[in-house]
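Where a number appears in this text, it was derived from the coordinates with a stated rule and is not lab data. Not measured: the values here are computed from a predicted model. Here the Cβ is made from the backbone with ideal geometry for all residues, glycine too, and neighbour counts use every protein chain on show.
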Amino acid sequence: KTLETSNAELIAYRKQHLGKSLSLQYKVPIKMVRGAGQYVIDQFGRKYLDTVNNVAHVGHENYKVVKAGQEQMALINTNSRYLHDNINALAEELLETLPPELSVLHFVNSGSEANELAIRMVKAATGQRDIIASEVGYHGNSNMCIDISSYKFDGKGGSGAPEHTHIFPLPDAFRGKYTGEHTGELYAEEVQKQIDSIHKKGRGVGAFIIEPIISCGGQVELPEGFLAKAYEKVRAAGGLCISDEVQTGCGRMGKTFWGFQLHDVTPDIVTIGKPLGNGHPLAAVVCTRDVADKFANGMEYFNTFGGNPVSCAIGAEVIRTVKREKLQENALNVGEFLKAELHNLSQEFPIIGDVRGQGLFLGIELVDADKNPLAAQTDYIADRMKDHGILMSTDGPDHNVLKIKPPIVFTKANAEELLLYLRKVLAEDFMKL
Ligand code: PMP
C-alpha cells in the first residue's frame, strides 16, 4: 500500500492531520524509502547524493550500527536504573575523545533535551538563570531552548528575547557588525556588554551558550580568538560556558573531534545530539565533576529512554565506527579539498561571496556586488541541484547560505560530483529571479 500511495495523497493527508508548522523540503516533495551511506533513494529508485544530513553521520543505515541496534533490541531494552554494559561502553567511547575536565555524562534523547538539561544544570550550579547567546543561534524546540534561540524568537512567529536571555550580535566576520581586523576581540566585547547589562539589572550570569560554528546562522565560523576571550569574560562574571555540539560534534570538524577544540577552550558543559545515534534518537550532556555534583542536589534525574541499552549500543558503535574507519581524517581531507575547490569556484562566479567552515561542515554565502544577500538565487540553486540528484540545504538569517554537511563517509569523488553540478547550475541564467 505504501508504495502505491501517491505523493499527492500523502501530502493531502499531512495537510489535514499533521501540524501546519511542520514544513516539507522542496517545491515538489520527495518520498525517501531507503538510505545507503551518503545516498538516499526515493520511491522510484532514484538515488540522491546527500550533502545535507549530518544526522546520518557514519552513513545512512550503516550496517554495523543497524546490526548493533537490532541485536540489542532483541535482547533487552529498559531504563538506566539497571546495570548494563552498553551505557558504560558509550560513556567510555565518548570520554576518550574529551578533555579530562569533562568527565560526567547524562544521556538524553534529543539535542533539545540535552540543551534543556544543560540549562537546568546551570541554574542548579550557579543559582542564576540569565543566559547569554548569539544572535540567530538555535538550540532546540523546548520552551527553554526556544527562549535562548534568537533564530526562533527573532524570526517569524517569535516575540523577541525573553527577560533572562541576552543576545549579542552574530559574530560574523563576513557580513556582520564587525568585519576585518580584530573581529574576535570586538565580538567578545559585545559579550561583555551583555554581562554588564545583566549586572546592571542586579543579577548574575548563568551561562554563555554558543555553537563552535553557528549552523542555522549560516555556517558562521567564530572569529579567531573570540571564544577564548568570551569564555574568560563569562567566567570572570561567575558564569558557565556551554558548547552546543549538536551539529558540529563527533569528528565532523576534521582537525578536531569536537568544535570547541578548534578554539583551545574547555567548556563546562558540552551538548551532543544528532550524529551520536546516526538517526536513532540519542543525545548526551557532558559536564565537569563540579557542575555534575552541584546538579545532584538531592532531586533525582530520571529519563525513561535516555541511556537505554539499545540507544547506547547504537551510540557506542557510531563512535567506534568514526574511530575505526578514520572518518574524522576523512572529514578533514575531503572537507579541505572541497573547500579549496569552492574557493576556486568563487573566482569564476563572483556571487559566491564567502566560502567557510571546517571539515565536512561548510557554507557558501551568495551575495551581489554590494554584499546584499541573494536568497531567491540560493533557493534556485538548491532546487536545481535536486534535479541533478544532489540534495543541498539553505540557511542563514537571510536564507542565502548553501550548507554542506553530509554523512562523513562522503568521498573525494562525491565532492567532485557536487562541484561538477554546482558549476553547471551556477552558469545558468538566474540572476533576474
Ligand atoms: N542545537 C543545535 C545547534 C541544533 O542544530 C539543533 C537541531 N537542529 C538542536 C540543538 C536541537 O536538536 P533536536 O532537534 O535533536 O532536539
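Residue 45: free of Cβ contacts under 8 Å to residues at least 24 places away in the same chain, on the phi > 0 side of the Ramachandran plot and either in contact with a helix residue (DSSP H, G or I) (Cβ under 7 Å, 6 or more places away or on another chain) or part of a loop (DSSP other than H, G, I, E, B) (or both), yes or no?
For residue 45, the condition - free of Cβ contacts under 8 Å to residues at least 24 places away in the same chain, on the phi > 0 side of the Ramachandran plot and either in contact with a helix residue (DSSP H, G or I) (Cβ under 7 Å, 6 or more places away or on another chain) or part of a loop (DSSP other than H, G, I, E, B) (or both) - is met.
Does at least one position in the stretch 1-23 carry a residue that is under 22 Å from the mean Cα position of the chain (by Cα), assigned to a loop (DSSP other than H, G, I, E, B) and surrounded by 13 or more Cβ atoms within 10 Å (Cβ to Cβ)?
Checked the stretch 1-23: no residue is under 22 Å from the mean Cα position of the chain (by Cα), assigned to a loop (DSSP other than H, G, I, E, B) and surrounded by 13 or more Cβ atoms within 10 Å (Cβ to Cβ).
Which residue is nearest to residue 203 (Cα to Cα), if the candidates are limited to the stretch 159-172 and must be in contact (Cβ under 8 Å) with a residue 12 or more places away in the chain and not in a strand (DSSP E or B)?
164
Do we have residue 155 as away from the ligand (no atom under 16 Å from the Cβ) and either of a type in the set (Gly, Ala, Ser) or under 16 Å from the mean Cα position of the chain (by Cα) (or both) here?
No, not satisfied.
Looking at the stretch 231-255, which of the residues that are farther than 24 Å from residue 121 by Cβ and of a type outside the set (D, E, K, R) is nearest to the ligand (Cβ to nearest atom)?
Step by step, filter the stretch 231-255, then rank; the result is 253.
Take residue 228 and decide whether it is part of a helix (DSSP H, G or I) and either within 16 Å of the ligand (Cβ to nearest atom) or within 23 Å of the chain's Cα centre (by Cα) (or both).
Yes, satisfied.
Look at residue 405 and say whether it is of a type in the set (Lys, Arg), out of contact with any Gly (no Cβ under 6 Å at 6 or more places or on another chain) and surrounded by 19 or more Cβ atoms within 10 Å (Cβ to Cβ).
The answer is yes for residue 405.
Scan the stretch 264-287 for residues that are buried (at least 22 other Cβ atoms within 10 Å of the Cβ) and away from the ligand (no atom under 16 Å from the Cβ) and jot them down.
Residues satisfying the conditions are 268, 287.
So which strands (runs of 3 or more DSSP E) are wholly in the stretch 324-413 and hold at least 3 residues that are farther than 23 Å from residue 173 by Cβ?
Because the criterion is at least 3 residues that are farther than 23 Å from residue 173 by Cβ, no strands (runs of 3 or more DSSP E) in the stretch 324-413 meet it.
If the Cβ limit is 6 Å and pairs must be 6+ apart or interchain, which residue in the stretch 308-320 that is of a type in the set (Lys, Arg) pairs with which residue that is assigned to a helix (DSSP H, G or I)?
none
Out of all the residues in the stretch 206-220, which are part of a strand (DSSP E or B), more than 10 Å from the ligand (Cβ to nearest atom) and over 17 Å from residue 112 (Cα atoms)?
Within the stretch 206-220, 206, 220 qualify.
Matching residues to (1) away from the ligand (no atom under 16 Å from the Cβ); (2) under 22 Å from residue 296 (Cβ atoms); (3) crowded, with 21+ Cβ neighbours inside 10 Å:
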residue: 103; (1), (2), (3): yes, yes, no
residue: 113; (1), (2), (3): no, yes, yes
residue: 124; (1), (2), (3): yes, yes, no
residue: 146; (1), (2), (3): no, no, no
residue: 161; (1), (2), (3): yes, no, no
residue: 181; (1), (2), (3): yes, no, no
